[in-house]
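I have placed the structure first, in the form of structure tokens, so that the comments after it can refer back to it.
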Amino acid sequence: MFAMLALLLMGCGDPTLSTLLPQGEVAKSQYSLMVLSLAIMIFVLLVVFIIYAIVLVRFRQKKGDDSIPEQVEGSHTLEILWTAIPIVLLIILAVPTVIHTFNVSAKEKAGKNELSIKVTGHQYWWQFEYPKDEIATAQELVLPVNTKVHVELTSADLIHSFWVPSLAGKTDTNPGDHNKNYMWLDTGSKTGVYKGKCAELCGASHALMDFKVKVVSKEDYEAWKTNFKSATAKSADQAQGQEVFKKNCLSCHAIGKEGGSTGPNLTGFGDKEKIAGILDHNKDNLKKWIRDPQKIKPGNNMPKLNLQDDDIEAVADYLLKMKLENK
Amino acid sequence: METNQRLTDDHFPENPEKATLDGKNKFLGFWLFLGGETVLFATLFAVYIGLRDNHMDGPSAKELFQLPTVFLATMLLLTSSLTSVYAVLALKQNKVKSMIGWFLVTLLLGLGFLGLEVYEFIEYVHEGHTFTKSAFSSSFYTLVGFHGGHVLFGCLWLVTLLLRNWNRGITLTNAPKYYLFALYWHFVDVVWVFIFTVVYLMGKVG
Amino acid sequence: MSTLASHSKKSGLMDWLTTVDHKKIGILYLVAGGLFFIIGGIEAMFMRIQLFKPENDFVSADMFNQLLTMHGTTMIFFAAMPLIFAFMNAVVPLQIGARDVAFPFVNALGFWLFFFGGVMLNASWLLGGAPDAGWTGYAPLSTTSLGSGVDFYVLGLQISGAGTLIGGINFLVTIINMRAPGMSFMRMPLFTWTSFVTSGLILFAFPPLTIGLFMLMFERVFDANFFNPDNGGNILIWEHIFWIFGHPEVYILILPSFGAISEVVSTFSKKRLFGYSAMVFATVLIGFLGFMVWVHHMFTAGLGPIANSIFAVATMAIAVPTGVKIFNWLFTMWGGKIVFSTAMLWAVGFIPTFVMGGVTGVMLAIPSADYQFHDSYFVVAHFHYVIVGGVVLGLFAGLYYWYPRMFNRVLNETLGKIHFWTFFIGFHLTFFPQHFLGLMGMPRRVFTYLSGQDLDDLNLISTVGALLMAVGTIVLFINVIISTSKKYAPSEDPWNGRTLEWAIPFPTPEYNFAQTPLVRGLDPFWLEKMAGNKKMTPAEPVGDIHMPNGSILPLFMSIGLFVAAFGAIYKSILVGVIGLAITFLCMFLRSVIDDHGYHIHKKEVEEDMKEGRS
């Protein structure tokens, strides 16, 4: 029956988004509990539905039958039976439930072999920090395969919830230092790009607060880190774009070591999967975003800058050329 | 017998507040209401206990509270509870004048308590402990203020009750009303005992 | 002075505004609740139309958040709650053989407070935008939400919450003090029992909400710091307080529905309820456990594995008494002679639907798995299975069953069955796919979803289902309108009833029972009929019947608070003071004017009895 259930649930949905196609260990253990509980529950449903079907077929009022059925008060045996059996079933479920609850719960400090990441929710984007490497990026969390990741969660404004269905269940990001949360995420053995979502209503663009988890090989991960640290805001062939960026964007957005941190860090912007976490990564979409960010993500904190068309053009070119390269 | 007739000593029931179905209903309903009020104050206490240490750059509980004033207020309220007991005893013996007298003393003591509380709050505000200062100040004023609001409501209720029934003696209609007021007053008093302990004593010690 | 009033028929607008009769208040609750049910339903339809395809732009993101907030708040507080109070009012006093509730005046006040709370909340649509922080109003989203929407939410709920609380106390006292001779606790019909437990839950669950709303209001209007982390506040306090109220609230809704199902299943199987005492015990246990499980709404909030485990096991435990109820219903039907009236159809539809909502509830109780389920469409599916599949199907069963008692009319059975099948199929079509949407990674409360995530087909099916539910609801309203025709007058004892509310003629006399009946066991009317009696045995001789006077004060007290709430929202001290002054003046008048009601004379009662009117 387990196999049948698993088969039934497999192949449901987008393989980079569905909880039914788990990739990392955390999501897999959660999936196993889902299957166990579903199996027990389907057993319960079957029992109820069978009795239900018998009752509805056998005990209809027949035409012309005016007799009064026996007024049964109850049955102690039956009562005990349908109290005891559910209790047994629940104990079967409760034991692994408690074990798993303790197993998936992360402590405040990361373990020795765990990669430590700090996640901060913002309206409506995600900041990812790698404290050991002093890297702060946004919207795309780059992680090596086969790694247990210790995640510290907090928020810059209000409650969000960090969810990568394929890799691990969600945990809220609470504002305030005393309400920090911790969770584990396991990257699994496959490289790939997984979809992440905000799961707690956080304002108008809650639905658009998507992010990506890019699981890459260990070598690629190391290279990415090195390149990220050496990246700068300088661009030889995009002088106009660089100028526009410096004047209008740098106070909020950082590239390399320069710039503010109110908005997402744009280092390596040219390599990103999406614009603003949701649009396809191309120049048209980037221009659309710069022209009127509120139209794409209502209620976000980036103002409409009222740039000239050629400035928008230049800064879009500049940003799209910002790729991480070996130097 | 009509329920708004002045009761005489010959026909005086043992529990005039519960002698009619209406009285019984009010009696039970009010007890249930106090049950709900208990949960209401329990919630306020829980919030206060959760936030009382977060005074930010305002004064802490230890720096702020002046026990002598609070102790005096406590004594006033405890005494008023006692005088309301005397009033109810008088009610049950059909001694109208004595009952009104004790209720008046209760009222005065309650007003005295309110006066002290207002004075206390004004002092605190002068020391920078304003409502918007910190989580501690917000939860303090909400808890203690809710209680103060209950005392104020009780005073207004008692005034209405006394004015309305000044010349009517004790009837089957007003006996439950007097009785419920006394119940309410005791409840407010018990809440204060908890406030005195949890807010003031524990604030001074811890 | 009480007066001997003539037993004249009352009608007209003034009567409805001043009535303190539980039967009329029941109708008021039903009509107002039905109105808000339609409003909440329209909001739901807008949301489903927005979601029928990816990246749709039928409504804006901001509007969608208002819709989802208003849909949840309206359906829970202003549709489900009043509909439950409608049946409690219409049925409980009759089931226990009483002439009215313990506090008829308070009963009217409870209704008007609820009503003006609902009007308050919905007024936000016209006054700058509805609340947009979800029905759960989590801080700091609710404390920082711009505009006045959330203020309307806070004050609307505060006013209606006060009405609900006094309503709960009223029914507790009524059931404890006003039962007819012989109606011991263990002879009370299940609907009365569930109303009793629900009233108890209201008494202990609503005060935390009151405090939570006060805090939220202080935070928004007076800059308090309960939930502001920058000034030492803690956002989790709101979550705790809301769910300490919110979880019992779910049982407040479902228990009376269980009660209605118990009555309907027993009546249309022509059998007494199987395991009556187990049913009563299960009801009480569910009510009790309802206060111990609130943290399962907060598994992802980060309270740690110990809290999560304790609350997980406590939550699972609720499955046991609930299961007992399900099996008792099944075995009530077992061996019976089931008549598939429309009311019974709803009850029969309720059982498997609610079981499905129940089993997903157990799945959600597993914290580790809940990290995947939480705040996804899986949860949306779950709570619609228990609240629509449980509460609403139960209420519809109750509506078809008690409609003759409330309105002196029966609903058309054919239309009723069309209503059932469209609504029932539409319901499953809407919400069954949502389980999978959640598992496939769709978060809840999203105004849109991007294409290319395999979420399109199931969302489309869900919207089609919602349309079908809307069709079903329209059929119900046609049915209600048709039933006003005299053709639909009920026959005497239309369902071969078992409990006291069927022992009196149609229409229900103003004083309910000419003589208080003597109760000789569970299902007292059935027992008398089996013993060959046509009527209940009276427990008292015919005499004058004392009745309470109507009063306009409850209406004005509520209007006063309604006005004062506007003062709070628009920070006008004058308006606030005027509003509170109206309310306090009414309270003062109520306090100083002795109102002893009036008597219906023995002769009139005897006349009624002779002519079969009572």
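The values are calculated or read from the model by the stated rules, or taken from the named source; none is laboratory data. The shown structure was predicted, so the numbers you read here are calculated from the model rather than taken from an experiment. All Cβ positions, even for glycine, are placed from backbone atoms using ideal geometry, and neighbour counts span all protein chains on display. Protein only, heavy atoms only, side chains kept; ligands, DNA and RNA dropped before computing areas. Shrake-Rupley method; radii C 1.70, N 1.55, O 1.52, S 1.80 Å.
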Angle in degrees between helix C:377-386 and the longest Cα principal axis of chain C, rounded to the nearest 10: 0
Scan around residue A:135 for amide H atoms under 5 Å from its own, H built in the peptide plane at 1.01 Å from N, and keep only partners 5 or more places away or cross-chain. A:130
Excluding residues on the same chain fewer than 8 positions from residue B:26, give the lysines whose Cα lies under 21 Å from its Cα. B:18, B:92, B:177
Taking every other residue with Cβ under 10 Å from the Cβ of residue C:69 and scoring Lys and Arg +1, Asp and Glu -1, one gets -1
Sum -39500 (n - 2.57) across every DSSP H segment of at least 4 residues in chain C, then divide by the residue count to get the 222 nm mean residue ellipticity, nearest 500. -21500 deg cm²/dmol
Whole-number value, in Å³ per residue, for the convex hull of the alpha carbons of the stretch B:65-206 is 98
If each of residue B:186 and residue B:75 carries a label point 7 Å out from its Cα toward its Cβ, how far apart are those two points in nm? 2.5
Helix-derived [θ] at 222 nm for chain B: sum -39500 (n - 2.57) over DSSP H runs of at least 4, divide by residue count, nearest 500? -25000 deg cm²/dmol
Can you tell me the relative contact order of chain C? Whole percent, Cα pairs under 8 Å, sequence separation 6 or more. 18
May I ask you to give the percent of accessible area on the stretch B:59-121 that is carbon plus sulfur, with a probe radius of 1.4 Å? 76
How much accessible area per residue does the stretch A:204-327 have, in Å², with a 1.4 Å probe? 50
Lys/Arg Cβ at +1, Asp/Glu Cβ at -1, dipole of the stretch B:17-205 taken about the Cα centre: which of B:38, B:105, B:90 is farthest positive-ward? B:90
Listed residue pairs exceeding 25 Å between alpha carbons, taken from A:195/A:218; C:486/C:603; B:24/C:610; A:148/A:190; C:24/C:270; A:190/C:53: C:486/C:603; B:24/C:610; C:24/C:270; A:190/C:53
Nearest 10 degrees, 0 to 90: helix A:218-230 Cα axis against chain A principal axis: 40
MRE, 222 nm, helices only [DSSP H, n ≥ 4, -39500 (n - 2.57), over chain A, to nearest 500]: -12000 deg cm²/dmol
For chain B, size of Cβ-based charge dipole, Lys and Arg +1, Asp and Glu -1, in debye: 480
As I understand it, the value is the acute angle between the Cα axis of helix C:393-407 and the longest principal axis of the Cα atoms of chain C; what does it come to in degrees, rounded to 10? 30
Using a cut-off of 16 Å between alpha-carbon atoms, which lysines can reach residue A:321, once sequence neighbours fewer than 8 places away in the same chain are excluded? A:234, A:246, A:272, A:274, A:283, A:287
Would you work out the charge dipole size for the stretch C:22-176 about its Cα centre, treating the Cβ of every Lys and Arg as +1 and the Cβ of every Asp and Glu as -1, and quote it to the nearest 20 debye? 600
If you take the charge dipole of the stretch A:60-104 about its Cα centre, with +1 on Lys and Arg Cβ and -1 on Asp and Glu Cβ, which of A:104, A:91, A:77 is farthest toward its positive end? A:104
Could you list, bin by bin from short to long, the percent of Cα-Cα pairs of the stretch C:265-304 in 10 Å steps? 24, 27, 23, 17, 9, 0
If you take the square roots of the eigenvalues of the alpha-carbon gyration tensor of the protein assembly as shown and sort them as a ≥ b ≥ c, do you get rounded (a/c under 1.5), prolate (a/b over b/c) or oblate? oblate
Residues from the stretch A:169-184 losing no less than 50 square angstrom of accessible surface in the full protein assembly compared with the chain alone, 1.4 angstrom probe, ligands and nucleic acids excluded, are A:170, A:172, A:178, A:179
Shielding of B:162-174 by other chains, given as the mean Cβ count within 10 Å, works out to 1
Suppose R0 equals 56 Å. What FRET efficiency, 1/(1 + (r/R0)^6) with r the Cβ-Cβ distance, do residue A:191 and residue C:596 give to the nearest 0.05? 0.10
Where a ≥ b ≥ c are the square roots of the eigenvalues of the C-alpha gyration tensor, would you call the stretch B:44-91 rounded, which needs a/c under 1.5, or, failing that, prolate if a/b is larger than b/c, or oblate? oblate
Looking at C:158, C:512, C:233, which one has the Cα that reaches farthest to the positive end of the dipole of chain C (charges on Cβ: Lys, Arg +1; Asp, Glu -1)? C:512
What is the dipole size for the stretch A:239-321, taken about its Cα centre, with +1 at each Lys and Arg Cβ and -1 at each Asp and Glu Cβ, in debye to the nearest 20? 280
Apply the a/c threshold of 1.5 to the C-alpha gyration tensor of the stretch A:239-321 and tell me whether it is rounded, prolate or oblate. rounded
For the peptides B:181-187, C:152-158, what is the packing order when you average, over each peptide's residues, the other Cβ atoms within 10 Å and list the highest mean first? C:152-158, B:181-187
Please state the Cα pair-distance histogram of the stretch A:38-113 with 10 angstrom bins from zero: what percent is in each bin? 13, 26, 24, 16, 10, 6, 3, 2
Inverting the mean 1/r over all pairs of different Cα atoms, compute the Kirkwood radius of chain C and quote it in Å. 25.1
